[in-house]
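Notes to accompany the following structure.
The values are calculated or read from the model by the stated rules, or taken from the named source; none is laboratory data. Note that the structure is a prediction, hence the values are computed from the model and not measured. Cβ coordinates were reconstructed from backbone atoms using ideal geometry, including for glycine residues, and neighbour counts include every protein chain displayed. All accessible areas refer to the heavy atoms of the entire protein, side chains included, with ligands and DNA or RNA removed. Shrake-Rupley method; radii C 1.70, N 1.55, O 1.52, S 1.80 Å.
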Amino acid sequence: MSELSDKLQQLTTFYEQAPIKIKTLGQFSVWRNEEKISSKEFGRDKTIQLLQYLISNRHRHALHKEKIMDNLWEDWNDRDFKVALHGIHKALEPNRPSRTEPQFILRQGVSYQLATDSVWIDIDALEKYIIIGNEALSKEKKTAEKAYKKAIELYQGVFLPNRIYEDWSSEEREKTQLLILGTYITLAEIVLDENPLESIRLAQAALAIDNTWEDAYRLQMRGYLAKGNRPQAIKTYMKCEVILEKEYGIAPLPETKQLLQEIEAIG
């Protein structure tokens, strides 16, 4: 087994063994020892907001309590934070002995962060699968393909759909969308020669997320051409042209126009 394949296996093992699993894509749910935690166990919505904020900022150093509250709630007091934090501890570790340190939310003075080494989070796993895929792309195409497919399986929709109007969640949402769009396109390129229909499907899935993603239109055009469906390839260009004009008032890129010329010349 190669080093990259081993990394894939480690991610699978971590998912199987993690005591806490958190899903943020398409829905928000938390699982404790394979049992879904109900919203009633979290109590107040502020408790869930605090946990989601820590997830969104998991790559940063421990965050000061006042900064967290300033970003989450317009009107707050110290009690709000204490109650919300206690709610997280109670939901994630209901049987933790008193006077012992929490395992999943780490504290440094008055700063806090999520213990990502102990908690499986879908967006974290998605990002790691993509990193493995990118590393394997030039030397282990099958490993790259497997890693990208794993990432795509995890993407069930936008990040924290119940917080789409919260500024603190937007950066993670935009980053994840860009990552998954790039993954669809890269995987479509990998399979284009041996399975053009699958390449077309992957490109369509990318367009379902962002219908202005021009790379996806070019891949569909190439896929239809590989299947000998020249008219559909031309129709795909026309659709791309209409969408880009409608959404942004721009024309397709030169490389897209060049591909159209090559397709038309085949006739």
Original post:
Among the residues of segment 232-254, which ones are open to solvent by 80 Å² or more (accessible area, probe 1.4 Å) and under 23 Å from Asn195 (Cβ atoms)?
Top reply: Lys235, Lys239
**OP:** Please determine, by comparing only the residues of segment 227-263 that are in a helix (DSSP H, G or I) and of a type in the set (Lys, Arg), which one is farthest from Tyr217 (Cα to Cα).
**Re:** Lys246
Original post:
Are any of the residues in segment 124-132 without any contact (Cβ under 8 Å) to a residue 60 or more places away in the chain and either open to solvent by 30 Å² or more (accessible area, probe 1.4 Å) or outside any helix (DSSP H, G or I) (or both)?
Top reply: yes
Subject >> Filter pass, Val83 being in contact with a helix residue (DSSP H, G or I) (Cβ under 7 Å, 6 or more places away or on another chain) and not assigned by TED's automatic domain parsing to the domain that holds Gly157 >> reply: no
Subject >> helices (runs of 4 or more DSSP H) (entirely within segment 1-105) containing at least 3 residues that are closer than 15 Å to Trp168 by Cα, at pLDDT below 90 and open to solvent by less than 20 Å² (accessible area, probe 1.4 Å) >> reply: none
**OP:** Sort out which residues of segment 170-204 are touching a residue at least 60 places away in the same chain (Cβ under 8 Å) and in contact with a Leu (Cβ under 9 Å, 6 or more places away or on another chain), and write them in order of number.
**Re:** Glu172, Thr176
Original post:
When segment 193-226 is examined, which residues are found to be outside any helix (DSSP H, G or I) and either surrounded by fewer than 19 Cβ atoms within 10 Å (Cβ to Cβ) or touching a strand residue (DSSP E or B) at 6+ places or on another chain (Cβ under 8 Å) (or both)?
Top reply: Asp193, Glu194, Asn195, Asp210, Asn211, Thr212
**OP:** Sort through Gln49, Gln10, Gln27 and tell me the only one that's over 19 Å from Thr116 (Cα atoms) and of a type outside the set (D, E, K, R).
**Re:** Gln27
Subject >> Residue list for segment 133-159, restricted to those being in a helix (DSSP H, G or I) and among the acidic types (Asp, Glu) >> reply: Glu135, Glu145, Glu153
Original post:
Would segment 108-123 turn up any residue that is within 26 Å of the chain's Cα centre (by Cα), among the acidic types (Asp, Glu), closer than 18 Å to Arg163 by Cα and surrounded by 14 or more Cβ atoms within 10 Å (Cβ to Cβ)?
Top reply: yes
Original post:
Cβ-Cβ below 7 Å, separation at least six or inter-chain, first residue in segment 205-233 and in contact (Cβ under 8 Å) with a residue 24 or more places away in the chain, second polar (S, T, N, Q) and surrounded by 17 or more Cβ atoms within 10 Å (Cβ to Cβ): which pairs?
Top reply: Glu214/Thr256; Tyr217/Thr236; Tyr217/Thr256; Arg218/Thr256; Leu219/Ser199; Met221/Thr236; Gly223/Ser199; Tyr224/Thr236
Subject >> Of the criteria (1) in the same structural domain as Leu54 (by TED's automatic domain parsing); (2) open to solvent by 20 Å² or more (accessible area, probe 1.4 Å); (3) more than 13 Å from Ser56 (Cβ to Cβ), which one Ile152 fails >> reply: (1)
